[in-house]
Each structure stands twice: as structure tokens, then as C-alpha cells.
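Peer 1: Got a structure for you, questions after.
The values are calculated or read from the model by the stated rules, or taken from the named source; none is laboratory data. The shown structure was predicted, so the numbers you read here are calculated from the model rather than taken from an experiment. Virtual Cβ from ideal backbone geometry, glycine too; neighbours counted across all protein chains shown.
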There are 2 protein chains.
Amino acid sequence: MSKNSTTIPIRCKTCNETYCVSKISLFSHLNQEDMKTVINKIDRQEYQKGDFLFQSGDVAERLWIVNEGSIKVFNYTPEGKEQILYLLSSGDFLGDLNLFKENAYPYYAAALEPTRLCTLSRNNFQAILKEVPEINEKVLAYAYERITNLEELVQTVTAKNVGQRIAKLLIHFLEHFGIERNGMLEITFPVSREDMANYLGLTRETVSRQLSLFQADDIIDMKGNRQILIKNRKALEDYSR
Amino acid sequence: MSKNSTTIPIRCKTCNETYCVSKISLFSHLNQEDMKTVINKIDRQEYQKGDFLFQSGDVAERLWIVNEGSIKVFNYTPEGKEQILYLLSSGDFLGDLNLFKENAYPYYAAALEPTRLCTLSRNNFQAILKEVPEINEKVLAYAYERITNLEELVQTVTAKNVGQRIAKLLIHFLEHFGIERNGMLEITFPVSREDMANYLGLTRETVSRQLSLFQADDIIDMKGNRQILIKNRKALEDYSR
DNA sequence: CGAACATTTGACGGGCTTCAAAAGTCGTGG
DNA sequence: CCACGACTTTTGAAGCCCGTCAAATGTTCG
């Protein structure tokens, strides 16, 4: 849930193609020596779309680092609908705070697409914490960021109109998962209409209708089911206020 | 936002009647010596109902400890309605995480009733942190608790029915501010219908109507405007699911 | 006790959900 | 690479729940 700014080119033995550890801010300031220590303790896991990383009630035993792909963290409402709390993509991590206590996850986590994760066991994470106590500060900074995100989410889901809520969500996606391509902003996040609805406490149909309105107003352009181009960011921002 | 479990009888010079420092978990494990150090650095402030502690955009400069009374932390929606994020009462504190960064508050805080606060300046808080580094762990534990609360809030405000949302809120109040009196559970929190509505993203009228329904069903009993007896907790819990 | 304020209750309208069906998209296997 | 089936999205129509406006009632506190 937190991104790194400086990327250090160290190769990880278990996930050869990419450098999971250097991707996340938690470990970004480590020196070569410490980085290697961490890398040697990492396990690799791979999930297909829909696979669960863990379920609500499972004992928290690992730090999860998203290397490639994306993850949703959610709970079920009494009606059986998902309420998504976090959406994670490459470089985000999960489960760190749960390792400071002996406790169970209060939610589910599942892959949104084929996803590669690097994980650290509780013991290994704590061993690293002991060796490199500065990581504690990073954990706190990350907790602060997560609180800020949740505070924003509360204000998004209580927004009055659907237009407002969805505009806020699109801007959030833009800030976290947006890239520029051909002079256009594109959301590079494989999120379905239903995922959006489950994040905002709405239904697919309502999200679909509102996106159609945005498209009719030339504010966005939908390419297939999982790609959205932002054609008029300012109009979106006006909507969100 | 976090309560203390062990109360140490040390008298604070600035807020004579009560022992603000020993009330909060942040400082609860301090020895007599350290406790005195903290107490000597505390300032006292008093607010009337409606007074602002700070506004959104103000630079965060203090740790706020609620000694007596209660506080709401909120933002304004585009329509000018309050969206409440936190409700604090005696022993809760506020502003600690903001002192780890140089930043501005992203929300407003105001007193819900006549309220006494003990405060620590940024410098004094950091001086204490340096002297008693174990407090860092407490800050992290508190951050974790705050995250959990916000995650719950998201799931409460996205609940489908008003009945569900209000039942969840009442149970939350019961857990945080409830006492038993004459064999009945009583919410000892001076929260108005409008405050409840602003916490749940609803209107006063809707809250009022739902509470009347609960009263008709003998689930609660309203005594005046600011007191609620819970007559049938189980029924409330059934509603909330 | 009285004035200011908060809550309750009613009536109505609008926006979101629900249910249903059609259209579109995606991925797999041939 | 195409075809097919499964799945997702779109669109429509109807209904209900909550918000809004308004007025009456209740509560609080100087």
C-alpha cells in the first residue's frame, strides 16, 4: 500500500526477473548488505485470479509484498456482497501491522489477476526488525499513510451523489495507478465494474450507468471492460467536489 | 482514541482534580519519575461546546489529551454537512501521529460539550519520546487500533439499511462509552441525533425515525435528547448483521 | 418560565437498487 | 486464428428507501 521512490538494482534469488524487496518503501533505504539479508529470507508465491491469500480468521503469519499483479482486501456484508477496503498493486504490501500482534486477519484477501507475491514469515520479519530497527519508523510512516487513505475512503463512500463518489474513485485510481500514454491518462488497474461498486458501496448497474454518463460527456473513454482513459481530468475533479 | 487500563494516582499540577497523563495508554507504563517529567510539561486548555481545537489546514503542533468532556473530529462535505471521522472522550488522545511529520491537520476538531484537555507541545512530546523510546511502540499500537476503527467505520457507513447502520453505531457506542446502571446498559456519550447522522452519512430525520422504531420495538429507551438506554442488546446485534 | 434549540413526524419526490433481458467482451480449445 | 460459451456490462422499467421541506412537539438552560 506504499510505494518506493528509489529503486536499487539487486536481484532476488526467488523471484529472479524483478526486485521485490527494493520495490517497497519498507526496505528501500537498506544498504546492500541488509538488502541481501532480507532477500535471502524471502519466499515466493503465485496466485491466479480469484485465489485467496488468506481468509478472515486466519492467523496472521506473513508479510505480503505484491511483486506483480494486484490484490483486493475485503469483507462480506450481511447480504453477501464484498466490501473492499484496500486495492493493492505492485510494490504495495500487506500484513505488516498484523505481525506486531498475535492476531487473526479481520478480512479476506484475493488476487484480482495472476499475481506474484514475495512473503516474509513472522519470524524472519521480526529478525530483520531487530537487525534494522529503522524499519520501525517506516512501519509507522506507512500506518499513517494507511490511516489517511481510510479517512479519505470514509469521506468518499459517504459522498452524496454517485457522480461524486465515482469521480473521487477515478481520481484516486489515477493518482495511484495512472500512467500517461499517447498524451492520455490511462488507469492501469484491472478493476471491474463490480470491484468499483464493492469499493464504493454501490451496485454494478449504478457504476455502469454513471460511467456511461461520463463517457457521453467526453470525460472518460472505456476501452473494453478493464481499461479507462481519462479525457478530461478537470471535469472529473469538478464532479468530485 | 485509546484507553488506559492501569490508573496510577499521580496528581497533575495543571489539571489538579484529575490525572490526565495516567489516563492514556500512551503514558500508562511510565514509572513515577518519567510520569512526573511528562506532567511537568503539560499545558491545560478548556473549551466550551462548539469551540474549535483546530481547523483543517492548521499546522499540527500539539498532542491533545481529553481529560474531561468529548470531542468530534470531522470534515465538511461539499454540501456543507459535517462528516465525523472520530469521536473522542476522556482518556482518548489526538494529534500524536501528526507530530511525526511536519504537516497540517486534514480535518477540524471541536468540543461536543464543555471539555478540558491536557496538551503537549511538539517539542515536549519529542523530548519525551527521546527519553522514553518505548512510547514509540505505544504509538504504533494506537495507530493499529485507529486503523481497525476506520476499517469498521467504512463497513458501517456502507451497510445497506439505515437500521443496520444505526444498530452498528449503537453497539459501537455501547462498547466504547457504555456503562451499566440499574441492570440496564446506558450510553454515556453526549451525542445528538445530528452527530449520529454526521457520523453515518445520514440525516437527523432518518436517525430520529429509526430510533423511534427501535424504541417502539422495545430495543432502546430514549431519556431526553442525549441519553439512550439499551434494553435489548441482542436484538440490536441481530439488526446490525 | 421562556426563548432558543433539538427532535419528531408527515408528505412528497428523486435517486439508487432490484429484477430482467439484451449486448458486449474475454478466454479457451479446437 | 476463429468460434463458442461463460462471464461481464449495459440498458430499461418499476419500486422502495432515504432526503428534503415544513410544521409541531419536546428539551434544555439561562
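Peer 1: Quick one: how many residues across region B:194-213 are surrounded by 18 or more Cβ atoms within 10 Å (Cβ to Cβ) and within 13 Å of DNA strand D (Cβ to nearest atom)?
Peer 2: Number of matching residues: 10.
Peer 1: Sticking with this structure for a sec: Taking region A:150-163 only, how many residues are under 20 Å from the mean Cα position of the chain (by Cα) and either crowded, with 18+ Cβ neighbours inside 10 Å or at the interface with chain B (Cβ under 7 Å from one of its Cβ atoms) (or both)?
Peer 2: Final tally of qualifying residues: 7.
Peer 1: For region B:222-238, which residues satisfy the criterion of being within 12 Å of DNA strand D (Cβ to nearest atom), touching a helix residue (DSSP H, G or I) at 6+ places or on another chain (Cβ under 9 Å) and in contact (Cβ under 8 Å) with a residue 12 or more places away in the chain?
Peer 2: B:225, B:228
Peer 1: Check off (1) within 13 Å of DNA strand D (Cβ to nearest atom); (2) at pLDDT below 95 for residue A:179 and give me the number that stays unchecked.
Peer 2: Of everything listed in (1) within 13 Å of DNA strand D (Cβ to nearest atom); (2) at pLDDT below 95, residue A:179 misses just condition (1).
Peer 1: Residues in region B:82-101 that are more than 13 Å from chain A (Cβ to nearest Cβ) and farther than 15 Å from residue B:190 by Cβ: how many?
Peer 2: The number of residues fulfilling the criteria is 2.
Peer 1: So which of B:63, B:87, B:97 is within 21 Å of residue B:127 (Cα to Cα) and touching a strand residue (DSSP E or B) at 6+ places or on another chain (Cβ under 9 Å)?
Peer 2: Sole residue among the options that is within 21 Å of residue B:127 (Cα to Cα) and touching a strand residue (DSSP E or B) at 6+ places or on another chain (Cβ under 9 Å): B:63.
Peer 1: Next question. Do we find a residue being away from DNA strand D (no atom under 16 Å from the Cβ) and at pLDDT 95 or above anywhere in region B:39-47?
Peer 2: no
Peer 1: Residue check: is residue A:104 crowded, with 19+ Cβ neighbours inside 10 Å and of a type in the set (A, V, I, L, M)?
Peer 2: no
Peer 1: Here's something else I'd like to know. Got a sec? Which of B:24, B:65, B:71, B:39 is in contact (Cβ under 8 Å) with a residue 40 or more places away in the chain and out of contact with any Gly (no Cβ under 9 Å at 6 or more places or on another chain)?
Peer 2: Just one listed residue meets the conditions, B:71.
Peer 1: Among A:127, A:143, A:111, which is the only one that is in the same structural domain as residue A:46 (by TED's automatic domain parsing), at pLDDT below 95, within 16 Å of DNA strand D (Cβ to nearest atom) and of a type in the set (Gly, Ala, Ser)?
Peer 2: That would be A:111, the only listed residue that is in the same structural domain as residue A:46 (by TED's automatic domain parsing), at pLDDT below 95, within 16 Å of DNA strand D (Cβ to nearest atom) and of a type in the set (Gly, Ala, Ser).
Peer 1: Would you check if residue B:191 is buried (at least 17 other Cβ atoms within 10 Å of the Cβ) and either closer than 30 Å to residue B:38 by Cβ or within 14 Å of another protein chain (Cβ to nearest Cβ) (or both)?
Peer 2: No.
Peer 1: So which strands (runs of 3 or more DSSP E) stay within region A:123-241 end to end and still have 3 or more residues that are away from DNA strand C (no atom under 16 Å from the Cβ)?
Peer 2: Here the list reads A:178-181.
Peer 1: Could you grab me the full set of residues in region A:86-109 that are in a strand (DSSP E or B) and under 9 Å from the mean Cα position of the chain (by Cα)?
Peer 2: Passing the criteria: A:86, A:87, A:88, A:89, A:93, A:94.
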